[in-house]
Amino acid sequence: MEDANESIARAPLPTEKTLRQRKNLLTQAMRFAAINLKMIKMIRKGHHPMERKVK
Amino acid sequence: MARVVILGAGVAGHTAALHARRILGKSNEIIVISPNSRYIWIPSNIWVGVGKMSAEQVTFPLAPVYKKQGIAFHQALAKEIHPEGDSTTSSGYVTVAYTSPDRSGEIGQIEYDFLINATGPKLNFAATPGLGPDGHTVSVCTSGHAIEAAKALQEVIAVMKGGKRQAIAIGVGHGTCTCEGAAFEYTFNVEHELRSAGVRELAEITYITNEYELGDFGVGGLVFSQSGFQTTSKLWTESLFRERGIKAILGAHVEKIEPGQVHYEQVDGTKGVLRFDFAMLLPPFKGVDLKAFDKEGNEISEKLFAPSGFMKVDADYSGKGYEEWLAADWPKTYRNPLYPNIFAVGIAFAPPHQISKPRKSPNGTLIAPSPPRTGMPSGIMGKLAVLSINELIKGGPSAQVGTASMADMGAACVASAGSGLRVGSAASMTMYPVVPDFVAYPNTGRSIDDTFGEIGLAGHWIKLALHYMFIYKAKARFGWFLIPE
């Protein structure tokens, strides 16, 4: 099997800009809203247990 | 009037209990049997394990909530199920051993019309010699374990502050473990704490896992779109490991733990020893020690339970090969085929097969991450069982019941990578469906639109918000049922 640490060493590193964005309060506030919307959409898609009934 | 008995008060059982009281009305009796007196919101236990939260912040006593809701609570351990009753009664019943201080050791018999088995797992530390709090490693599976883990972590931090290097091993302690996501979270929370303590450069952190690739998480990994490309959770996770300077040992079965040493074997047959000063390794799970008997008193545990000890439900247990399984093999109603008034939800039901590809080493050692079925899916199953019981009470045994297959259900996972309102971080992930469906989604098994991953401070805020929201819900505060599972 592939050496995990060689594979990790080849993985892309985030740029300084990406790292800053991951901590930026304004960017993250927007991401907070966006991720919540994605989660709500996904939750609604799978939360209908009585729509498909069986014997 | 029907009596609904629920075994277990974790996410699945407690969700079922609260919904049962709300949906089934006062004319039906709800009884919860759990050996623990407190509810625990397990996802936040990671923060207890690094000393960022107290046990009181992630747990609360169950009895006052149940009293207020009109739910009978027996603090007891279920020992036997008698689904046909016995010579003295034709009603199914459960034999329990009380664990509350006032009734400790007392044996009881509780009859039911409907039984929801939501016991969760038995933490099988015994599967690996030396594993666990009674051995040489710590765990974050219970609040007590997490407190011990935080204490042990502080001890190695103190050693590092004295200038001595320390080796830290975090991961899973057996080839068939599940909950790799929790081990991943703990790894990055520890790394975060070491940086905060100013000793990161003195620590060598190694993540040891049964996953064949990083980012597998026991669900075969994820594929999602990012910046116009399809990417994988493998690449994404490897990037995080590189950024944080964490090493990994993959496809590993931990054979035994000795003081300061993890002995492991990998899928390719390689054997190795990982030295540690601090090790948090999660145990494998098995079904709780629950036996079943027929009306004559003959043991029928093999009929009700899979060899793993988890309860059989409406899944395909024919044992077909990994390459042959279909999403349709997964259970939809969670009813036991022999006794349809028994449901098994959450970790308590026996999954028909692994989601991640199971592998064997040349020595024949099975290295196969078990499917996760905690959190959101557990809550949905608990509610489904109650909705189905409501139909059965109203319409009789032939009434139609609801379905909620994990192959038609999504899950959100927010894996903390460090706490702090300004400096915290987490990997937010969603997947739909949890069990890949290669018929509906031929390329990746999942909907690309509904499967995604992202790292950032927002994820930490979401995990923190979920902590408060789900504890509010579990305490059955005003409007609790409006919060989805």
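Any read-out appearing in this document is the output of simple, stated calculations on the displayed coordinates, not a laboratory observation. Computed from a prediction, not measured in an experiment: that's the story for all the values here. Using ideal geometry, Cβ is built from the backbone for each residue, glycine included, and neighbour counts are taken over all protein chains shown.
Things worth noting here:
- Relative exposure of B:TRP480, B:TRP41, judged by other C-beta atoms within 10 Å (fewest first): B:TRP480, B:TRP41
- Where labels lie 7 Å past Cα in the beta-carbon direction, separation of A:ASN36 and B:MET1 in nm: 4.3 nm
- Per-residue average of Cβ from other chains inside 10 Å of B:404-416: 3
- Note on B:PHE438 and B:ASN298: their simple-model spin labels are 4.1 nm apart, each label 7 Å out from Cα toward Cβ.
- Mean-position separation - Cα centroids, the stretch B:355-408 and the stretch B:273-351, in angstrom: 10 Å
- Cross-linked pairs B:LYS234/B:LYS463; A:LYS45/B:LYS463; B:LYS332/B:LYS357; B:LYS286/B:LYS332; B:LYS394/B:LYS463: Cα-Cα separations exceed 28 Å for B:LYS394/B:LYS463.
- Between B:GLN400 and B:LYS475, the contour length at 0.36 nm per residue exceeds the Cα-Cα span by 23.9 nm.
- Each part reduced to its alpha carbon centroid, the stretch B:45-73 and the stretch B:78-121 end up 24 Å apart.
- Amide N of the stretch A:1-32 lying under 14 Å from the label point, which is placed 7 angstrom from the Cα of B:ASP268 along Cα→Cβ: A:1-8
- Reciprocal of mean inverse Cα separation for the protein assembly as shown (Kirkwood radius, Å): 23.8 Å
- Counted as membrane-span-like here are DSSP H helices of chain B whose alpha-carbon atoms extend 18 Å or more along the helix's own axis and whose Kyte-Doolittle mean is -1.0 or above; these are B:11-24, B:143-161, B:180-196, B:376-395, B:457-474.
- The mean count of C-beta atoms from other chains within 10 Å of the C-beta of residues in B:424-437, rounded to a whole number, is 2.
- As a proxy for reagent exposure, A:MET50, B:MET1, B:MET406 were ordered by neighbouring Cβ count within 10 angstrom, fewest first; the result is B:MET1, A:MET50, B:MET406.
- Extension gain (nm, one decimal) between B:GLU106 and B:ILE23, 0.36 nm per residue minus Cα-Cα: 26.7 nm
- The mean sequence separation of alpha-carbon pairs under 8 Å and at least six residues apart, normalised by the residue count of chain B, gives a relative contact order of 17 percent.
- Sparse packing (at most 10 other Cβ atoms within 10 Å of the Cβ) combined with a DSSP loop state is found for the following trypsin sites (Lys or Arg not before Pro) in the stretch B:352-430: B:ARG422.
- Look at B:VAL219, B:VAL156, B:VAL138 and count the other Cβ atoms within 10 Å of each Cβ; fewest to most, that gives B:VAL156, B:VAL138, B:VAL219.
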